[in-house]
Amino acid sequence: MRGVVHDGLSARAHPVEIAVDGDGLVVTRADGIVERVTLDLLRRGDRGAGIDVVHRTDQPDWRLVPGEPLPPGWLKALPHIGQFSKRARSIYLGVAAVTVATIIGLTVFGDRLLDAAAPLVPRRVSVPMGEALVAQLGGSMCKGVAGQSALDRLVTRLRPAAGFVEPVTVSVLDTPAVNALAAPGGRVVIFRGLVDKAQGPDEVAGVLAHELSHVALRHPAKALLRQMGVSVIVRSVGGDIGGLADTAVLLDQSRGAEHAADLGAIATLHRVRISPGGLATLFVRMRDADRAATKNFTTRTVDRFRDFAATHPGADERIALSKAAVSDQADVAPAMSPADWEALRRICS
């Protein structure tokens, strides 16, 4: 059977010979190029002069115009262009059913379902997602060797006795914003602005203990599941991780999660004999700075990553909690040696 192919790469129509079989088409061009197109890539287009035009899903501008009608039984197996194949419909219906079940489960069982599901998110999903989310923050990670070594020693000191629930990487992002966050895959990022504004290592240690508590409680994984449900798992099978990344996921921590991370941070600081007073003084300064900024709210654009207070709500409650923890603390030791603190402050130099 003869016909013509428009490949979409040029305005020229290529004369072809067409052979039809049960699995697709064999298209032979006049220049001898032979191409086999499987049935799952083909779609039936609009009729022209009584002839069905055939399209390809992997090449949107490609179309085949047969010189005579194609076999009706073979054509019947082709979905119309714009329609899903039976297999695709089955997959999407299955995903939709699981998604609905997940929504119902979250409504009925709430955090209990997330608690059970979060440990099941594989690292092949969480690590690339975390990397993609961190990349959206912009900037670059600070490379100071001495500063990173000092930070690593602080992380080791804060590590739970039983170890972290997953491998943890802590870095400093070279940006003036005063913030820190925990991303999926064990990624913890401290912003340079936080180190610059901190009045001592105990303040940085308090914030780091808070973010490590988010990791220990699997809050980043729960945020992924809450935001995207099973779609994050389904689409990861095809490697589409970066396309799902949205920095809003990093900010989706409930008051309950923040309170739990605060309690975890205070417990950690008590255990390693670091004063929670640093966390309290930092909260006070961040709250006061945030209130001063809101006085001129109408003349500025609000950046949700602007500071720790803006993305970690409930400052007054947290200040009270931290101050109460100070009175319960026994003997303490500085979070870092003077040399390590100086090295951390120069990590981006």
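Only the coordinates and a few stated rules stand behind these numbers; no lab work does. Note that the coordinates shown come from a computational prediction; the quantities given were computed from them, not determined experimentally. As a convention, Cβ positions derive from the backbone with ideal geometry for all residues, glycine included, and neighbour counts pool all protein chains shown.
A Förster radius of 30 Å combined with the Cβ-Cβ distance from residue 174 to residue 12 puts the calculated FRET efficiency at roughly 0.05. Extension gain for residue 124-residue 112 works out to 2.0 nm (0.36 nm per residue, less the C-alpha to C-alpha distance).
Full extension of the segment from residue 255 to residue 329, taken as 0.36 nm per residue of separation minus the current Cα-Cα distance, would add 24.2 nm.
Highest mean packing first, where packing is the average number of other Cβ atoms within 10 Å per residue, the peptides 257-263, 188-194 line up as 188-194, 257-263. Other residues with beta-carbon under 14 Å from the beta-carbon of residue 37 carry, at +1 per Lys or Arg and -1 per Asp or Glu, a net charge of -1. Stretched out straight at 0.36 nm per residue, the stretch from residue 320 to residue 135 would grow longer than its current Cα-Cα span by 63.1 nm.
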